[in-house]
Amino acid sequence: MRLEDKIRDIPDFPKEGIIFKDITTLLKDGEALKIVIDNLTEKFSSKKVDKVVCMESRGFIFGAPLAYNLGAGFVPVRKLGKLPAETISVEYTLEYGTNTLEMHKDAIQPGERVLVVDDLLATGGTVNATINLVEQLGGNVVGIAFLIELTFLDGRNSLKDYEVVSLISY
């Protein structure tokens, strides 16, 4: 099965000139979803991952079953004000402004081996902000996984110090 064939293009969403990569068409296909989770599990099973850290919200879809398969804990990274306990935060730049991400302060212990997972790598802003949070708490990022990578936006270039896996590239 070609996973690329399970992704739907939505032109001019969320704004004119953008071709949105809609993953809901892949998610509704049980076999395709299983292939994604199994492939990511295989690629990181030898890394001895302690925690899988995922950004809201689509990263959660892939991160939770991956954490289960790896026998690791799951850590959500959320937008400002969405987590109930004490947090650390990082502000990062978007093409149209800034955003802030938070993680619980007790989510990662120093030295824990962390896999960061999201649905899509574009410019790398969100994943770099998440790495910053992990490293603030003393976590060791042992890999970064994406379903899709938009290679023309060169986000991988900002992740040179990390092992990056993407299952689909455009």
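Taken together, the values in this text are just the output of simple stated rules run on the coordinates, not laboratory data. Given the structure is predicted, the values throughout are model-derived calculations rather than measurements. Note: ideal-geometry Cβ built from the backbone for every residue, glycine included; neighbour counts use all protein chains shown.
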If you average the C-alpha positions of region 57-103 and of region 3-30 separately, how far apart do those two centres end up, in angstrom? 22 Å
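Compute the FRET efficiency between I10 and F152 as 1/(1 + (r/R0)^6), taking r as their Cβ-Cβ distance and R0 = 25 Å, and round to the nearest 0.05.
Working: r = 18 Å, r/R0 = 0.70.
In this case the efficiency is close to 0.90.
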Counting each DSSP H run of 4 or more residues in the chain as -39500 (n - 2.57), what helix-only mean residue ellipticity at 222 nm follows after dividing by all residues, to the nearest 500 deg cm²/dmol? -8000 deg cm²/dmol
Which entry in (1) 18.9, 65; (2) 15.5, 44; (3) 21.1, 70 is this structure's computed Rg and Dmax of the Cα atoms in Å? (2)
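Hand me the chymotrypsin sites (Phe, Trp or Tyr not before Pro) from region 24-105 located in a DSSP loop with no more than 11 other Cβ atoms within 10 Å, in residue order please.
Working: sites: F44, F60, F62, Y68, F74, Y92, Y96; in loops: Y96.
Passing both the DSSP loop test and the Cβ count: Y96.
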Which one, G59, L159, N99, is farthest towards the positive end of the dipole of the chain when Lys and Arg carry +1 and Asp and Glu -1 on their Cβ? G59
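Taking a 31 Å limit on the Cα-Cα distance, which of the listed pairs K15/K48; K21/K105; K21/K160 fall beyond it? Don't skip to the answer; put the middle values down first.
On the way: K15/K48 41 Å; K21/K105 33 Å; K21/K160 24 Å.
Over 31 Å apart, Cα to Cα: K15/K48; K21/K105.
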Among beta bridges assigned by DSSP with both residues in the chain, the antiparallel ones amount in percent, to the nearest 5, to 40 percent
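Please state the charge dipole magnitude for the chain, taken about the Cα centre, from unit charges on C-beta atoms (+1 on K and R, -1 on D and E), reported in debye and rounded to the nearest 20. Display every interim value, and only then the final one.
Details: 19 positive and 25 negative charges, 63 e Å.
It works out to roughly 300 debye.
Which of the trypsin sites (Lys or Arg not before Pro) found in region 47-138 are in a DSSP loop and have at most 12 neighbouring Cβ atoms, other than their own, within 10 Å? Each step should come with its number before you reach the end.
Details: sites: K47, K48, K51, R58, R78, K79, K82, K105, R113; in loops: K48, K82, K105.
Those satisfying the criteria are K48, K82.
If you keep only loop residues by DSSP, which GluC sites (Glu not before Pro) in region 1-66 have at most 10 other Cβ atoms within 10 Å of their Cβ? Don't skip to the end; give the middle numbers.
Working: sites: E4, E16, E31, E42, E56; in loops: E16, E56.
Listed in order of number, the matching sites are E16.
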Label-point separation in nm, K82 to T123, each point 7 Å along Cα→Cβ: 2.0 nm
Backbone HN-Hα couplings from phi across region 140-145 [Karplus 6.51/-1.76/1.60, Hz, Gly and Pro as x]: 10, 6, 9, x, 9, 10
